[in-house]
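Asks: Questions regarding the structure given below will be posed in turn.
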Amino acid sequence: MNITLKDGIDWVGYIDWTVRDFHGYKTESGSTYNAYLIRDEKTAVIDAVKAPYVEKYLDHIRALTDLSRIDYVVCNHAEPDHSGGLPSVMKACPQAELVCNAKCKEALEKHYDTAAWKWHVVEDGDTISLGRRTLSFINTPMVHWPESMFTYVPEEKLLFSMDAFGQHHASAFRFDDEEPLDVILQEAKAYYANIVMLYGRPIAQTMERAAQMEIEMIAPSHGVIWRSHIKEVFEAYQKYVVCKPVPKVVVLYATMWKATERMAEAILEGAQECNVEAQLFNVDSTHMTRIVTEVLDCATLAIGSPTLNNGIMPSMASVLCYMKGLRPTNKQGFAFGSYGWSKRGGPTEIGQAMEEMKIETMHEPIRAQYVPTPELLEECREAGRAMGKYAEQFAD
Ligand code: FEO
């Protein structure tokens, strides 16, 4: 396995082949917690790993240098998948100063017993010389925590980007040109949609700063390192930060006695008459990780649920809760679903949720009492056609 990024700069992280749940994100292909060792006149490590894997990480460092030689441990992000190992690291590296910004120090002090740590608090634009190389620190607030920070090594044109440009993807390879690009970009898209979609604006601002730097390599905290396809991942992120639509229609539904399912199928049929990609997901059989990945770049979105006890189906409530947190933008859509005797739940509640998400209403909620009639199914088809026609305009 190639772990050398540049002469004297090596990957020392942990490949988590078996993780399948990352606070709700279904990580079908595992993940990695990337960390990096820079050996110069001074020695620095960039980030740590999740607490259970810290001994493996320390072993990776020990294979390259003595732990007593570590001068700096940089913490770019306080979330425990990168900081969990820090208490052990700071104990094992007696000379090391913990380098982070003030907000990160505050977060770390609230997570761990840091009484014995030596701190080196940096501000945006500060630098630390390692000898031939410099560490330059760039605050990236809300990408995706308040303390998030990039570390840049100008002499190597190397950016340590913590979660940004990452992928939850375990593999034996460390670089973007060692695996099919479409696989890596799809993982980067899923990561963006599920972890950072809410923070499009700060990410766009960060991208503007990154565009001013000379970058030959981006080393994120998860997944492969970008060295051959930086342009491609930048272009993808430029689209993601505004949830740029493609000609795609997504229909999501939950169902009880198949009435809402028949409505969903009719909406899909209408959309399929147009020159667009049309996708149908039953939220009981498709994980929300996949759903929000598809919603990220859809142009139109129809969401349906029957009424259950004046509310909606719990599985749909769960998906809406997840989606509302991530707040996809730049979409039109409508609600639909069946009901028995109360119009208070089902499509009404979904319509309210879509309004809260600022999904532009293109149609009043479509409701079927008990079972959709042929006329109502035709209304669904027509609404699907309208979704498709709207989505068609986003063809390149
Ligand atoms: Fe990979 Fe936000 O932690």
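Asks: Is there a residue being within 17 Å of the chain's Cα centre (by Cα) and within 18 Å of Glu79 (Cβ to Cβ) anywhere in the stretch 224-243?
Replies: So far as the stretch 224-243 goes, no, none of its residues is within 17 Å of the chain's Cα centre (by Cα) and within 18 Å of Glu79 (Cβ to Cβ).
Asks: Here's another thing I want to ask about it. Within the stretch 212-224, restricting attention to residues that are over 18 Å from Ile195 (Cβ atoms) and aliphatic (A, V, I, L, M), which residue is modelled with the lowest pLDDT?
Replies: Met213
Asks: Within the stretch 226-244, identify whether any single residue is crowded, with 17+ Cβ neighbours inside 10 Å, at pLDDT 95 or above and closer than 26 Å to Lys389 by Cβ, and answer yes or no.
Replies: yes
Asks: A further question follows. Show the residue pairs meeting these rules: Cβ distance below 7 Å; 6+ apart or different chains; first residue within the stretch 82-93 and more than 24 Å from His168 (Cα to Cα); second residue among the aromatic types (Phe, Trp, Tyr) and at pLDDT 95 or above.
Replies: From the stretch 82-93, the pairs are Pro87/Tyr112; Met90/Trp117.
Asks: So which pairs qualify, if the first residue must be in the stretch 158-172 and in the same structural domain as Arg209 (by TED's automatic domain parsing) and closer than 13 Å to Phe234 by Cα, the second must be outside any loop (DSSP other than H, G, I, E, B) and within 12 Å of the ligand (Cβ to nearest atom), the Cβ gap must be under 6 Å, and the two must be at least 6 apart or on different chains?
Replies: Pairs found: Ser161/Pro220; Phe165/Pro220; Gly166/Tyr191; Gly166/Pro220.
Asks: For the stretch 366-375, state whether one or more residues are part of a helix (DSSP H, G or I), assigned by TED's automatic domain parsing to the domain that holds Lys258 and surrounded by 20 or more Cβ atoms within 10 Å (Cβ to Cβ). I'd like the intermediate steps shown before the answer.
Replies: Of the residues in the stretch 366-375, the ones part of a helix (DSSP H, G or I) are 374-375.
Then drop every residue that is not assigned by TED's automatic domain parsing to the domain that holds Lys258, which leaves 374-375.
If we keep only those that are surrounded by 20 or more Cβ atoms within 10 Å (Cβ to Cβ) too, we end up with none.
No, there is no match, as no residue in the stretch 366-375 is part of a helix (DSSP H, G or I), assigned by TED's automatic domain parsing to the domain that holds Lys258 and surrounded by 20 or more Cβ atoms within 10 Å (Cβ to Cβ).
Asks: Sticking with this one: Mind checking which residues of the stretch 31-68 are among the small types (Gly, Ala, Ser) and surrounded by fewer than 18 Cβ atoms within 10 Å (Cβ to Cβ)?
Replies: Correct list: Ala51, Ala63, Ser68.
Asks: Residue under question is Glu155, and the condition is that it be out of contact with any Phe, Trp or Tyr (no Cβ under 9 Å at 6 or more places or on another chain), assigned by TED's automatic domain parsing to the domain that holds Ser29 and crowded, with 16+ Cβ neighbours inside 10 Å; does it hold?
Replies: Taking the combined requirement at face value, the residue does not satisfy it.
Asks: Please work out which residue is surrounded by the fewest Cβ atoms within 10 Å (Cβ to Cβ), limiting yourself to the stretch 256-276 and to residues that are in a loop (DSSP other than H, G, I, E, B) and touching an Asp or Glu at 6+ places or on another chain (Cβ under 9 Å). Lay out the reasoning, then the answer.
Replies: Within the stretch 256-276, the first condition is being in a loop (DSSP other than H, G, I, E, B), and the residues that meet it are 256-258, 273-276.
Retained after the next criterion (residues that are touching an Asp or Glu at 6+ places or on another chain (Cβ under 9 Å)): 274-276.
Values: Cys274: 19, Asn275: 11, Val276: 24.
Residue satisfying both the conditions and the ranking: Asn275.
The values are calculated or read from the model by the stated rules, or taken from the named source; none is laboratory data. Worth saying up front: this structure is predicted, and the values here are computed from it rather than measured. We place every Cβ from the backbone using ideal geometry, glycine too, and count neighbours over all the protein chains shown.
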